[in-house]
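Visitor: Have a look at this one before I ask anything.
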Amino acid sequence: MQALIVEDSAIVAKILRARLERADFEVSVAANASEGWLMFQSTRPQLVTLDIVMPMEGDLDAFSLLTRIRNEAANTAVFIVSASASLDDRDRFMQAGATGFLSKPFIDFEKFRDQLIKLFPLSMRSDADPHALTSPRVQP
């Protein structure tokens, strides 16, 4: 399965990538929403993690990217990722079609893992690491 991480923090992207790869996703990373849209179009991922507080580069912000993804591929799971999002921001993204919300710092990946298993029950390989999204094994 394909996953796309849209995240301006290289450290956060590295953590997400390591955990998703251990859960058997093929992962692409974009540093901003404009790059994320281009990668989305070329990879057609089943899962997108989208940081909602990123510097705007090009003509897209995170909300516009979510809207484009929803218009293009309504079944793609899009999880909002943020450390500083207000409840209003969170609600706005959820109402626009986000699948779920993952807060930084990543204290509880278990909820995220459980949501992914519900969304992709037949796609997750049986030999994939069952603790991939909860174990903090990331090399610096």
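Visitor: Are any residues in region 8-35 among the charged types (D, E, K, R), more than 22 Å from LEU119 (Cα to Cα) and outside any helix (DSSP H, G or I), and if so, which ones?
Guide: Restricting attention to region 8-35, the residues satisfying the condition of being among the charged types (D, E, K, R) are 8, 14, 17, 19, 21-22, 24, 26, 35.
Pick out the ones that are also more than 22 Å from LEU119 (Cα to Cα) and you get 8, 14, 35.
Across region 8-35, the qualifying residue is only ASP8.
Visitor: Okay, moving on. Would you point out the residue of region 36-50, among those that are assigned to a strand (DSSP E or B) and free of Cβ contacts under 8 Å to residues at least 60 places away in the same chain, that is surrounded by the most Cβ atoms within 10 Å (Cβ to Cβ)? It would help to see each step written out before you state the result.
Guide: Applying the first criterion (assigned to a strand (DSSP E or B)) to region 36-50 yields 47-50.
From what is left, the residues that are free of Cβ contacts under 8 Å to residues at least 60 places away in the same chain are 48-50.
On the way: VAL48: 28, THR49: 25, LEU50: 25.
Residue satisfying both the conditions and the ranking: VAL48.
Visitor: For region 45-60, how many residues meet the condition of being more than 14 Å from VAL81 (Cα to Cα) and out of contact with any Ser or Thr (no Cβ under 8 Å at 6 or more places or on another chain)? Working first, answer last.
Guide: Looking only at region 45-60, we keep the residues that are more than 14 Å from VAL81 (Cα to Cα), and these are 45-46, 55-60.
If we keep only those that are out of contact with any Ser or Thr (no Cβ under 8 Å at 6 or more places or on another chain) too, we end up with 55-56.
Final tally of qualifying residues: 2.
Visitor: Still on this structure, I have one more. Any idea which of ALA33, ALA23 is under 15 Å from LEU65 (Cβ atoms), surrounded by 21 or more Cβ atoms within 10 Å (Cβ to Cβ) and among the hydrophobic types (A, V, I, L, M, F, W, C)? Show your work before the answer.
Guide: On the way: ALA23 fails: under 15 Å from LEU65 (Cβ atoms).
None of the others qualify; the one that does is ALA33.
Visitor: Given the condition surrounded by fewer than 18 Cβ atoms within 10 Å (Cβ to Cβ) and either at pLDDT 95 or above or under 23 Å from ARG92 (Cα atoms) (or both), answer yes or no: does some residue in region 6-20 qualify?
Guide: yes
Visitor: Does any residue in region 53-65 that is over 15 Å from ASP89 (Cβ atoms) come within less than 6 Å, Cβ to Cβ, of a residue that is in a helix (DSSP H, G or I) six or more places away or on a different chain, and which pairs are these?
Guide: GLU57/SER34; GLY58/SER34; LEU60/ALA33; LEU60/SER34; LEU60/TRP37
The values are calculated or read from the model by the stated rules, or taken from the named source; none is laboratory data. Everything numeric in this text was worked out from a predicted model, so none of it was measured. As a convention, Cβ positions derive from the backbone with ideal geometry for all residues, glycine included, and neighbour counts pool all protein chains shown.
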